[in-house]
Amino acid sequence: MRRVKKISKLLGLGLCALGLSVLSQSASADVLNDIVKRGELRVAVQTQGPPVSFVDKNGERTGFAIEVVKMMAKDMGVELKLLDYDWKGLIPAVNSGKADFLAADMTPNAKRTLVLSFTEPYLYSDVVLYSKKKQPFQKWQDVCKKGFSIGVVQGSSNVGLLKKLCPDTTIKEFAGGGPAVAQAVAADRADAGINDIASAAGYMVEYTDFKILDGAPKRWPLSFATRPDEHHLLRWMDNYFMLIRNDGRLEKLADYWMRGPVWKKDH
Amino acid sequence: MDWILDFYNYRVVAQYLPEFARGLGSTAWISLFALGISLSVGTIVAIMRMSSNPLLWRFAAAYIQAIRSTPLLIQIYLIYFTLPALPLLGRRLDELEGGIIALGLNAGAYMSEIIRAGIESISRGQIEGAMSVGMNYVKRMRYVVLPQAFARVAPPLLGQTAVLIKDSSLVSFIGVFELFGAGLVILNERLMPNEGFLTVAVCYLFIYTVMLWLTVYAQRHFGGSGD
């Protein structure tokens, strides 16, 4: 019994600590005011790999999402502070007020939108499957059969997609992001991998014996997200995407980063 | 109960109970098998390490050093990605087998040092007594030395087992679904980190508590007073 009491005491302490961290969340009326006042835009990002967000060969953080945010801060007239988190740390970073919003290639869905407010999509990204060239697959449906295995980033939206599309295929979820899945395909641990077309195109350069299978099973919307009560910031971001879409700057960035390996020369 | 729902929505967790049950079972099985491997490997390596045959003790020492000086994740990757098809098995190890073996071999190195300390703590008189009633080396180990040694080092072995259980979450890197993966499902589908990871933490605490009870029971039942 004494041990049980001890454990419940420990649990109680943990809960108190959590409660405190909940209470200490910043409670400003309008975060845009704060951003202008402090002269700094704080953005939570993750390093999920090229071409969306990565550290290039010069040691500089760059990628499609990062360049969009850099442009944003410049147009706001404030400094940019990028806070690098693991995927698991992104949501707490935003909810605790450490970051003003998160800029990742996150896909909104009905349940996620209960927790965070997502912007209108700034880009739609095709999902593709890739495999080694020696495999007999032509289109992605060819892998969708019993006896084959598909590697996927653990916990990504593509897991649910695969379970729905290919219920008979063995699905192997790898922690460690897209590169880990590509590595598994290269080591013959999975017959094919699934990822967005831009990442897959990156692997084609790295692994010359890979091919992208025909067809795209899905097109995901990519959004930034912030706390549910930041209406002004959300409107600002939506407005900003509209502006850079209209003046062609968003298209230019997307062409450079997301639609081919051009960026590989510079980064 | 509203204040609890604010930072820990148990209604959402309840929807994911099957995932957590699957993850808990998976972690428990992985840990159990890895524990079996690590205790067997640990005992054998500990005895080899104390052997006077240089071939044996040098090999054991090299194994212990190699394991302790490299990260577990690298060991898991090496066994899973680079090990070719095994001649006896006729195929490559799958995710679960590779993960369990890597965990077992890793913990085995640490266990062996603990077990060696236990064996060395048994007084010379015990061994001489066993010899005087005509027990050979295997019998001395089996009936006199090892039972007392294990009873003595049960607490540090339990500590190492707790490390093993927590480390088992690393096998998710080679695609094995376990407890931590169940927590990630809530995070990814619902963006609720508290609900995901607090539940995972409680499940690990649960496994550890069960282990603690088992050790206390085993120590009382098999160990005697130890001296």
Checklist entry - Does the stretch A:98-150 hold any residues that are loosely packed, with under 15 Cβ neighbours inside 10 Å and not hydrophobic (A, V, I, L, M, F, W, C), and which are they? => result A:Lys111, A:Thr113, A:Tyr124, A:Lys133, A:Lys134, A:Pro136, A:Gln138, A:Lys139, A:Lys145, A:Lys146, A:Gly147
Checklist entry - For the stretch A:65-76, how many residues meet the condition of being out of contact with any Asp or Glu (no Cβ under 8 Å at 6 or more places or on another chain) and touching a residue at least 12 places away in the same chain (Cβ under 8 Å)? => result 8
Checklist outcome for this item: Here the residues within the stretch A:177-209 that are touching a Lys or Arg at 6+ places or on another chain (Cβ under 6 Å) and crowded, with 19+ Cβ neighbours inside 10 Å are A:Ala190
Checklist outcome for this item: In the stretch A:166-176, anything touching a residue at least 24 places away in the same chain (Cβ under 8 Å) and buried (at least 19 other Cβ atoms within 10 Å of the Cβ) is listed as A:Thr169
Checklist entry - Within the stretch A:192-199, is even one residue among the charged types (D, E, K, R), under 16 Å from the mean Cα position of the chain (by Cα) and away from chain B (no Cβ under 11 Å)? => result yes
Checklist outcome for this item: Of the residues in the stretch A:153-169, those that are more than 10 Å from chain B (Cβ to nearest Cβ), in contact with a strand residue (DSSP E or B) (Cβ under 8 Å, 6 or more places away or on another chain) and in a loop (DSSP other than H, G, I, E, B) number 2
Next on the checklist: Going through B:Leu88, B:Leu105, B:Leu55, B:Leu35 one at a time, which residue ends up being outside any helix (DSSP H, G or I) and out of contact with any Asp or Glu (no Cβ under 8 Å at 6 or more places or on another chain)?
Outcome noted: B:Leu88
Next on the checklist: Quick test for you: out of A:Pro51, A:Pro108, pick the one residue that is within 14 Å of chain B (Cβ to nearest Cβ) and not in a strand (DSSP E or B).
Outcome noted: A:Pro108
Checklist entry - Does B:Tyr80 qualify as being more than 23 Å from B:Leu158 (Cβ to Cβ), surrounded by 12 or more Cβ atoms within 10 Å (Cβ to Cβ) and either under 24 Å from the mean Cα position of the chain (by Cα) or of a type in the set (S, T, N, Q) (or both)? => result yes
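Just so you know, all these numbers are worked out from the coordinates, no wet-lab data involved. These numbers were taken from a predicted model, which means no experiment stands behind them. Backbone-built Cβ (ideal geometry, glycine too); neighbour counts: all protein chains shown.
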